[in-house]
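Peer 1: Here you go, one structure.
Here, each number is a calculation from the coordinates, and none is a lab measurement. Just so it is clear, the model here is predicted, and its values are computed rather than measured. Cβ placement follows ideal geometry from the backbone for every residue including glycine, while neighbour counts extend to all protein chains displayed.
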Amino acid sequence: MKLAIIGECMIELSNSEGDLYQLNYGGDTLNTAIYLSRCGGQVEYVTALSDDVFSNKMLENWQSEGVGVKHVKKLANSVPGLYMIENEANGERHFHYWRSNSPAKLLLEQYPEIFEELQEYDALFLSGITLSIYSELSRAKLFDFLKIYRDKGGKVIFDNNYRPKSWLSFNEASKTFNQIMNLTDIALLSMEDEISLHGEHSIEYCIERWLKAGASEVVVKNGPNGISTANSQGKFEFDVPNVVKPIDTTAAGDSFNGAFLANKAKGEDLEKCIRAGQFCAAQVIVHKGAIVPREVTLIKE
Ligand code: ADP
């Protein structure tokens, strides 16, 4: 299965000591692409950067991780989006974003040829955060494209990552999530985010909603409490075999997705994909930061 991931990676500044800030690069879909690659899969990352020093560093880093960059566009005279993580003494983290003019936001408007380029993939992965960065017009174009893409046999894989601050209003988010639900083949969902979007409800009801909208496989991630799934073979529950005490849960869901998709692309069955995802996520959350050192073993022997 040839796979491409669409999204945005930003410059990350997190305060380490007083007013000293450490520079990293981060984004949910990029995290997924990196873990997918580290777990033995192949993927192209689809986004727009600029021609500045930070964009070049990102590109170098992605290439060194084995993530394909042939669809990364470079919009001159711009700079990538930036966010700051403020760590409170009590461990609370606050995120502040400067992304309103980021090149990734303009990808679909500035480079409409991307839709043609995406036709060569068997599956496309995107998240709720990916959708939040585009204008309403861009999203409409993307949804029109996804309809045609699916009619031709392409698979859409969606992670519902919902960040209320990234949306103009709840209504805008709610409408958009309902649109993508009707265009999704494989749903990799966080139950917490489903509840934020649809109010308190059961996992069973959540799964029914996605199946009814047309998904052929639904995976509901519920932290250390387990994973509930449904596909054409039935409904299955998976416990978390290796519950750990997390040090930093950043990228738990993203790394799960990466390992899951690396296995899915190889044609592995659902259980193998889930177990690979769980193993990878459990390693990631016992390290600080979204991307763990390369020597960490992410593939279960
Ligand atoms: P998301 O970040 O998308 O909300 P979850 O919080 O459900 O996702 O976490 C993703 C995966 O990370 C879980 O399905 C599970 O496999 C793993 N995970 C989360 N918390 C723990 C934990 N305490 N111990 C082991 N694995 C965990």
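Peer 1: Going by Cα centres, region 149-217 and region 49-126 are how many Å apart?
Peer 2: After rounding, the separation between the Cα centres reads 22 Å.
Peer 1: Would you mind working out the magnitude of the charge dipole of the chain relative to its Cα centre, with +1 at each Lys and Arg C-beta and -1 at each Asp and Glu C-beta, to the nearest 20 Debye?
Peer 2: Details: 30 positive and 41 negative charges, 90 e Å.
Computed about the Cα centre, the dipole is about 440 debye.
Peer 1: If I require 18 Å or longer along the helix axis, counting alpha carbons, and a Kyte-Doolittle average no lower than -0.5, what helices from the chain are left? Use full DSSP H segments.
Peer 2: Those that clear 18 Å and a mean of -0.5 are 136-151, 252-265, 270-284.
Peer 1: Given an 8 Å cut-off on Cα distances and at least 6 residues of separation, report the relative contact order of the chain as a percent. Display every interim value, and only then the final one.
Peer 2: Working: 577 pairs, mean separation 50.7, N = 301.
Value for the chain: 17 percent.
Peer 1: Looking at region 114-216, which trypsin sites (Lys or Arg not before Pro) are DSSP coil and have at most 11 other C-beta atoms within 10 Å of their C-beta? Present the calculation step by step, with values, prior to reporting the outcome.
Peer 2: Values: sites: Arg139, Lys141, Lys147, Arg150, Lys152, Lys155, Lys165, Lys175, Arg209, Lys212; in loops: Lys152.
Loop-located and lightly packed - Lys152.
Peer 1: Step through the table entries Lys245/Lys272; Lys221/Lys300; Lys147/Lys288, compare each Cα-Cα distance with 31 Å, and write down the pairs that go over it. Provide the component values of the computation, followed by the final result.
Peer 2: On the way: Lys245/Lys272 24 Å; Lys221/Lys300 19 Å; Lys147/Lys288 39 Å.
The answer is Lys147/Lys288.
Peer 1: What do you get for trypsin sites (Lys or Arg not before Pro) in region 17-77 restricted to DSSP loop and a cutoff of at most 14 other Cβ within 10 Å of the site's Cβ? Can you show the working numbers first?
Peer 2: On the way: sites: Arg38, Lys57, Lys70, Lys73, Lys74; in loops: Lys70.
When the trypsin sites (Lys or Arg not before Pro) of region 17-77 are filtered for loop state and at most 14 Cβ neighbours within 10 Å, Lys70 remain.
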